[in-house]
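Accompanying notes for the structure given below.
Nothing in this text is a laboratory measurement; each read-out follows from the coordinates by a stated rule. Owing to the predicted nature of the structure, the values given are computational and were not obtained by experimental measurement. Because the Cβ atoms are built from the backbone with ideal geometry, glycine has one as well, and the counts that use them run over all protein chains shown.
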Amino acid sequence: MSDILNYTLFEINGDTPVLLIDLVTSVFGLACVVLAGRNSKYNFWIGYVYTTLLFFMFWNKNLYSSLLLQPISLGINILGHYRWTHPKKDEESSQDHKALKVTMLTWPQRIAAAASVFVLAWFWGWLVSLLGTRFFIGVFPADPIPYLDACVTVLILVAQFLSALKKWDCWIAWLLVNCTQMWLHISVGHVFMPIVSGLYLLNGIVSLYNWSRLYKKNA
């Protein structure tokens, strides 16, 4: 299975391989975010496969922060799947009592979330920068962009957690993720993923509007 996913579709400039796993991951990623933006609980089933594919894709590029994120993402995905389908009495959607309604963070919560991203991204980036340079030398190649890698990782964790709680604010976080991810993927030579990140960005804008309507409808 690994050999199939790592199959080279073609090369750019003769030295940058474009792998099958990049294409497959892109397709599952797009399907996942489009379903989430449409308020569909089925995005979680696609998300389970997407998380697994991302793990192997980041392994190929030595992006350790993004790689280590995937088991955590899987746990958040499971939490979100449960929360979306098992709301408490005061959290039920007005249109479907078996579905979680969209809510918003308070301003103090937003400020706390933003501060957490800056602190955690810096600390995690510093730790990752030591892998292959001061620790595990010769075992792991050094992460080429540890702080950007860490920033994307922390932003994704925040966005996923807010998505799991069905907070409208998750789409603000996802827009930031999409912008930094495009930079990250371009930096390491991914071909499909920068394009996909651009499509994510468009989907995030549409989803921000869709969830705003759901919030006003208490749905």
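Worth a mention:
- Mean separation of Cα pairs under 8 Å and 6 or more residues apart, divided by the residue count, gives the chain a relative contact order of 22 percent.
- Each of 61, 41, 216, 89 was scored by other Cβ atoms within 10 Å of its Cβ. Listed from fewest to most, they are 89, 216, 41, 61.
- Taking Cα centre as origin and charging only the Cβ of basic (Lys, Arg, +1) and acidic (Asp, Glu, -1) residues, the dipole magnitude of the range 68-203 rounds to 240 debye.
- Additional length obtainable on full extension of the chain from residue 205 to residue 103, 0.36 nm per residue less Cα span: 35.0 nm
- Over 30 Å between alpha carbons, listed pairs 41/89; 61/101; 61/98; 61/88; 61/167: 61/101; 61/98; 61/88; 61/167
- Spin-label pair residue 89/residue 38, simplified geometry with 7 Å Cα→Cβ offset, distance in nm: 3.4
- Ordering of 18-31, 141-154 by packing is 141-154, 18-31, highest average first (other Cβ atoms within 10 Å, averaged per residue).
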